[in-house]
Amino acid sequence: MQRIYTIFFVLLLAAGASTAAAQDTRAERRMLRSGNEQYKNERYTDAEIAYRRVLDMDSTSTMARYNIGNTLFRQNKFAEAAAQYGDILSHETPRTDRTVSSENWYNLGNSLYMQEKYAESVEAYKNALRRNPHDDEARYNLRMAQLKLKEQQEQQQNQQQNQEQTQNQNQKQNQNNKDQNKKDEQKEQDQNQQPQDQQQQKPQDQNQREDRQPQNSEGTQDRMSRENAIQILEAMQQEEKETQEKAQKALLEQREKRKTDKEW
């Protein structure tokens, strides 16, 4: 892209000379010559000041605006330079010289190229070639801009794919994190419920044992009552037996006594 700069100075001097010749006042000619001299010595800020003074004298000076665009470009103020060239092109008429128009489009393409606006610079170079098909530098720069545009589009496509891939990975990771969080929450909930169940079961077992103890005690009391009853019953039976034996003995004695009484 170094070759694209050479045309500025050549056109600048020629345009500056033609403009100076067209001016009616010596002041404007002196200022244009001063600007051209500063530009030649690469003092672009001073050159810009001189050209702006020409505009103060003649606001319709297209060449002064053109030279200001060149100085801005040389100061790496590419956006301002592009705006300057664009302003000139917006005021073109069908009577505008095609060579001059081609140079404006060419310089606009350079300014856009340096801002990495390759798609716009491609169109600018094409417009320059439409007005001057013999401009080999414009054709060369067009090819360079097309290659850069293709490279830029591929990078953007790769970036987009990487972003989509990263987004998908992030979504997948977020989903995995959500699933893991749910598992952790469920696990924590299960762990919290497990001791609670054990605590509930433990008193229940104790209550069951406590409930069974009175039953055992009652059962023991029941067994003791039955044994006592049997003993009492046996004692009553024994007492009745003894009573019956005594009664029978008494009856026998009475019978014997009666028998004896009769015999006597």
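Throughout, read-outs are computed from the coordinates displayed, never taken from laboratory work. Please read these numbers as outputs of a predicted model, since none were measured by experiment. Cβ: placed from backbone, ideal geometry, glycine included. Neighbour counts: every protein chain shown.
Things worth noting here:
- Every pair of residues 6+ apart whose Cβ atoms lie under 8 Å, when the first sits in the range 122-136 and is under 16 Å from E92 (Cβ atoms) while the second is crowded, with 16+ Cβ neighbours inside 10 Å and among the aromatic types (F, W, Y): A124/W105; A124/Y106; N127/W105; A128/W105; A128/Y106; R131/W105
- Residue list for the range 23-42, filter: over 23 Å from L108 (Cβ atoms) and assigned to a loop (DSSP other than H, G, I, E, B): Q23, D24, T25, N41
- Annotation note: of A64, A47, A81, the sole residue that is more than 22 Å from A27 (Cα to Cα) and either in contact (Cβ under 8 Å) with a residue 24 or more places away in the chain or over 50 Å from the mean Cα position of the chain (by Cα) (or both) is A81.
- Residue list for the range 61-119, restricted to those being more than 28 Å from N41 (Cβ to Cβ) and hydroxyl-bearing (S, T, Y): S90, T93, T96, S101, Y118
- Matching entry among T96, T45, T71 (being in a helix (DSSP H, G or I) and within 27 Å of R131 (Cα to Cα)): T71
- Lone qualifier among K172, K126, K183 - being over 34 Å from the mean Cα position of the chain (by Cα) and in a helix (DSSP H, G or I): K126
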